[in-house]
Each structure stands twice: as C-alpha cells, then as structure tokens.
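Reviewing the structure listed below.
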Amino acid sequence: MAQTIHVAVTGAAGSIGYAILPRIASGQMFGPDTNVALHLLELPQAMSALEGVVMELNDCAFPLLESISISDQPDDAFDGVNWALMIGSKPRTKGMERADLIRDNGPIFVGQGKALLKAASDVRAVVVGNPCNTNALIAMNNAKDIPKERFSAMTRLDQNRTMAQLATKAGVGVSAVSNVTIWGNHSTTQYPDAKNAKINGQPVFDVISDHDWLRGDMITKVQKRGAEIIAARGSSSAFSAANAAIDHVVSLRGKTPEGHWFSAAIASDGSYGIEEGLLYSYPLTADGQGNWSIVKDIPLDDFAKEKVKISMEELQKEREIVKDLL
Ligand code: NAX
C-alpha cells in the first residue's frame, strides 16, 4: 500500500498557499507513489477563503490527495504531521521597517513552535514566512523536544534566482548551473556565491568573463529581486516562492548527487565561523534518509568572508529583537 505523508501548510489561503497546494496534492513535492493528507491552517478571518481553496482542490480530483482538513488552531493543524510548511505570516507593507515585521510576525512562531510538539515523531519544519530565518529560530526554540536539525528556512528562491541570472549571462540553460550557495539571511545581506558555483561542471568565473558583474550587479540583483518583483507586479513573489518550497523539500528528502549541493538555512553548528544556533543559509547535501549536513570545505576568499560575516551580524541583531520569544 502507498505511504501517506501528512503535511501541514500554514497561510494556506494566501498567495503562496494557492500556488503550492495543487503542486503538493499532485505529487510534485513527495513523489508519484506517495499519498498526501493536507492539514491546512489559516486565521479565523480567512477560513471562508480557505473553504473555497478546498473546493478547488477537491474539484481537481487528484489521485494522490487522500484527505484535507482545515483549522484555525495550530494544535489541530499540526497534529500528527510529518512535514510542516510554515508559510503564513504578515507580509511587509510599504514603508514598514524590517524590525517591525520581525516583532509582528515573531509571536506567530512561538505558538506554532509549541504546537509542533503535537506533530509526528519524525516531523520536519520548513519556514517560508518572513523574516524566515529568525522565524525558524523562534519556532525551533519553542519546540525544544524536536531535534534542531529538523528545522529549516527557505533560501531556495534566492538560489534559483542566482541560477537563472548565471544561466542567462552565460547563454546556457539553467540546468547547466550547479553548486550555487546562498550564504546567510533571506534578506538583502545574503551572499549569493558564484565563485564556488559551476556551469557545465566548470567554475563560473572561468565561463563568465565579466567578473565585475559576478562580484557586483549579479549579487545586488538577487538581493533585491523580491523588491523588483513587488514593484513590477504590485505583490510579492508567489508561484516562484511556491516552486522554491517544492524544490527545498525535494532536495531535503532526496539524495544529493555526488559533488553537488543546494542551499537552505539550518541551525549553524559553528561552520565557517557562524555563531552556533543561528538559522543560517549554507551549502547542504542530503542523504536520502531524511538527514542533511553542511558542506564543510568550500573555499571563501576575503570578499566572501566579509559578506558571510555581515549576514551573520544581521541575524544576531534580529535575534536580539526577538530574544524574549526564544
Ligand atoms: P499572503 O498575505 O498572500 O498570505 C499569507 C497568509 O497567511 C494569509 O492568508 C494570512 O491569513 C495567513 N496567516 C497570517 N498569519 C497567520 C497565522 N498566524 N496562522 C496561519 N495563517 C496565517 O502572503 P504570501 O504571498 O502567501 O506570503 C507568505 C509569506 O511568505 C510572507 O511572510 C512572505 O514575506 C513570505 N515569503 C518568503 C519568501 C522566501 O523566500 N522565504 C519568498 C516569498 C515571500 O515573500
């Protein structure tokens, strides 16, 4: 009999929720041989919209979709789940300071972190809702019985954005690009690392001769891509974020091909001089058995070391803002 994975999605009636649910239900996250039971969480005022989303999911008649439950209580939604996709939080509004966003959204992850204790014993928690690194830190610290290795925050959209930039510049398909690392925070201090990335197995700096671009505009473009999309579209990235969340889970669950890596934020073990415990984006490999680890021996030049440190310092400041929630 096919296995069933129970997956919670918070903020399920939001833009990313709307884009990700049909993809989870059709098997793109957990594969064509795994049934899915969706546990959807929303705020009370969004339950009616969520009911509409459920109707649409039912109307798709997805063969793998075993059941759907909805709730406005984290304890109900997380009960027995194997994966918790924590997407729901308030998006930043125009003119809002990052510190205010952190204070506004932080408490959500206290309650939801505690509710994760109701999840299945193998639960993995993925935080997408911003500021995702610090929200994941809060959830992790409020669910102390769950091993901290099980928590991650999503920087895969930044990785995918970097891959697209590099592929376009080199005039190749995006599948030729590999080994892109996003270091640090999912914010404008992140460091998209092209120096250690590859195009068709060759170092990017050998393939792309415009090194000023690689060290300048390419980095800034990725760091500010979210704002560029908001300016053009009038709302923040939705299906590209949903797509990145699919990639994130697929990479964490799968076995990383030899010599490759992917990026996600996990609790630092002190690697690369990052303070232990901070939720920091690193190059990772996964073993296909539900475990992942940091790739340890990537060379960082002085330029990279400086950027890696700046993003750590930003995360330390964010932690200070929410220290009463940890
Ligand atoms: P929306 O505002 O469209 O949807 C958010 C949904 O979350 C709403 O339906 C709201 O009712 C719900 N919600 C709010 N608080 C909740 C709570 N306590 N429990 C359950 N549900 C709750 O935003 P959307 O575009 O879907 O974005 C969701 C989050 O993803 C935002 O924080 C956004 O900033 C973040 N993003 C993160 C990205 C990343 O790369 N890590 C990229 C995309 C996106 O910006």
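The values are calculated or read from the model by the stated rules, or taken from the named source; none is laboratory data. All values reported here derive from a predicted model rather than from experimental measurement. Positions of Cβ are backbone-derived with ideal geometry, glycine not excepted, and every protein chain shown enters the neighbour counts. Note: accessible area is taken over every heavy atom of the protein model, side chains too, but ligands, DNA and RNA are not part of it. Shrake-Rupley method; radii C 1.70, N 1.55, O 1.52, S 1.80 Å.
A few points about this structure:
- Within the option set R150, R92, R156, R124, being basic (K, R), closer than 26 Å to A25 by Cβ and within 11 Å of the ligand (Cβ to nearest atom) holds for one residue only, R156.
- Elements of the type strands (runs of 3 or more DSSP E) sitting completely within the stretch 28-88 and holding at least 1 residues that are within 18 Å of S15 (Cα to Cα) and open to solvent by 30 Å² or more (accessible area, probe 1.4 Å): these cover 65-71.
- Output for the stretch 178-188, where each listed residue is in contact with a helix residue (DSSP H, G or I) (Cβ under 8 Å, 6 or more places away or on another chain), closer than 20 Å to H248 by Cβ and in a loop (DSSP other than H, G, I, E, B): V180, N185, H186, S187
- Which numbered condition V9 fails, given (1) under 17 Å from the mean Cα position of the chain (by Cα); (2) at pLDDT below 95: (2)
- Being of a type in the set (S, T, N, Q) and surrounded by fewer than 22 Cβ atoms within 10 Å (Cβ to Cβ) is a description that applies to S178.
- Whether a residue is open to solvent by less than 30 Å² (accessible area, probe 1.4 Å), over 17 Å from H248 (Cβ atoms), of a type outside the set (D, E, K, R) and within 14 Å of the ligand (Cβ to nearest atom) was assessed, and L21 does not pass this test.
- Among residues of the stretch 91-115 being of a type in the set (A, V, I, L, M, F, W, C), part of a helix (DSSP H, G or I) and free of Cβ contacts under 8 Å to residues at least 40 places away in the same chain, the one that is surrounded by the most Cβ atoms within 10 Å (Cβ to Cβ) is I108.
- Every pair of residues 6+ apart whose Cβ atoms lie under 6 Å, when the first sits in the stretch 3-18 and is over 19 Å from A238 (Cβ atoms) and touching a residue at least 60 places away in the same chain (Cβ under 8 Å) while the second is β-branched (V, I, T) and assigned to a strand (DSSP E or B): I5/T34; I5/V36
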